[in-house]
Structures are given as structure tokens and as C-alpha cells.
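Below is one structure, written out as C-alpha cells; the observations come after it.
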Amino acid sequence: MTNKQNIFNVIEKEIGVLKALHSKITPEMLSFSPYEGMRTTEEILQYLTWVSSATLSFFLLEDKSKADDVFTNAYENSKSATYENFKQRMGAELIKMKELFEQFTEEDLLTREVLLPWQQPMILGQALMETIIKWLSGYKMQLFIYMKQNGIKLDTGDCWIYTEK
């Protein structure tokens with residue numbers, strides 16, 4: 001198995017775990033935020049429906065002047081993500097990621113320099129881990145904690161192991 005496939009597999013599993021967690025979220029939790037200024041459950045769900053593909057699209061852009069369009073369009077589109085269509089939207093996100101992964105090679109992971117959204121240069125493989133993998137994992141954990149704070153019975157496997165079947 002290639003490094004490229006390994007990275008994609010991690011993304012796919014994170015999305016599977018997120019979909020499984022979503023099935024335990026109650027609609028009443030959507031407006032929950034532990035503190036003012038923190039994202040609500042709904043805002044986290046919406047963010048997750050676009051951040052991976054928009055970031056990888058940004059990395060692969062030949063014309064960086066279009067970067068704002070990539071992120072703005074993805075963010076605007078995320079506003080139509082709902083509790084009811086989250087799993088469908090995450091499925092679409094995974095399909096977009098698969099299509100984007102087809103646009104670079106195994107060698108690109110090791111040699112292609114990209115700019116992170118905050119303009120730091122980095123090799124593509126590391127950039128995928130520093131952004132997409134960390135964001136999927138971090139926001140998944142935030143959802144997990146929000147759910148626990150709202151009395152939803154979960155165990156460690158719900159955050160790291162169990163995926164939607």
C-alpha cells in the first residue's frame with residue numbers, strides 16, 4: 001500500500017467515525033456551545049462538510065489568486081448543510097477528496113511544495129497531515145466532548161474506532 005493510500009484511508013476512517021458520531025447527536029444539541037465565541041455543534045458539522053476538500057483544492061491550485069474563491073464558495077455552500085443531510089454531505093466530501101487525490105502522485109507527497117492557508121510552505125504529504133488530518137480529528141474530538149457534556153453515553157471507541165456501517 002502506498003503512503004498516498006494510507007493517508008486517504010485515514011481521512012476515510014475519520015469521516016466514517018464522524019458519521020457514526022452524528023447518528024448519536026440529538027437535534028437539540030445543534031445550538032450547543034460550551035462558551036460564547038466557540039462554534040456550536042451545528043457550526044462544527046457544517047465546517048466538516050467542506051474544510052478537507054477546500055484545503056486540498058487550495059493545495060492543488062495552479063493559480064493561487066483563486067484561493068479566496070475556493071474557500072469562500074466552500075464556506076457559503078456549507079450553510080446549506082443541515083443535521084438531516086450531514087451524512088450525505090460527508091459522503092460527498094469523501095468523493096471530492098478521492099477525486100482530488102487522483103490529481104497528484106505518490107512522488108508529489110514527498111516533493112511537491114504547497115502553501116498552507118496561512119502561507120507557510122510545506123511538502124504536500126506533511127501539509128495533508130498538518131491540516132486535513134488534524135482538523136478532522138480535532139473537530140471530531142470537539143463533537144465527542146460536546147456530546148459527552150450533553151449527557152450522551154459514549155465510550156472511547158465512539159471517538160476513535162466505531163464507524164458507520
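The values are calculated or read from the model by the stated rules, or taken from the named source; none is laboratory data. From a predicted model like this one, the values you see are computed outputs, not experimental measurements. Cβ coordinates were reconstructed from backbone atoms using ideal geometry, including for glycine residues, and neighbour counts include every protein chain displayed.
Structure notes:
- Among the residues of the range 92-115, those identified as closer than 20 Å to Ile15 by Cα, part of a helix (DSSP H, G or I) and free of Cβ contacts under 8 Å to residues at least 60 places away in the same chain are Ala92, Ile95, Lys96, Glu99, Leu100.
- Filter pass, Glu14 being at pLDDT below 95, among the charged types (D, E, K, R) and in a helix (DSSP H, G or I): no
- Of all the residues in the range 74-110, those that are among the acidic types (Asp, Glu) and within 20 Å of Leu143 (Cβ to Cβ) number 2.
- The range 29-47 - residue that is without any contact (Cβ under 8 Å) to a residue 24 or more places away in the chain and part of a helix (DSSP H, G or I) and, of those, surrounded by the fewest Cβ atoms within 10 Å (Cβ to Cβ): Ser31
- Out of Leu21, Leu56, Leu61, one residue alone is at negative phi, within 12 Å of the chain's Cα centre (by Cα) and surrounded by 12 or more Cβ atoms within 10 Å (Cβ to Cβ). It is Leu56.
- Looking across the range 64-103, just one residue is β-branched (Val, Ile, Thr), over 15 Å from the mean Cα position of the chain (by Cα) and loosely packed, with under 14 Cβ neighbours inside 10 Å, and that is Thr72.
- Filter result for Lys140 (of a type in the set (Lys, Arg) and touching an Asp or Glu at 6+ places or on another chain (Cβ under 8 Å)): yes
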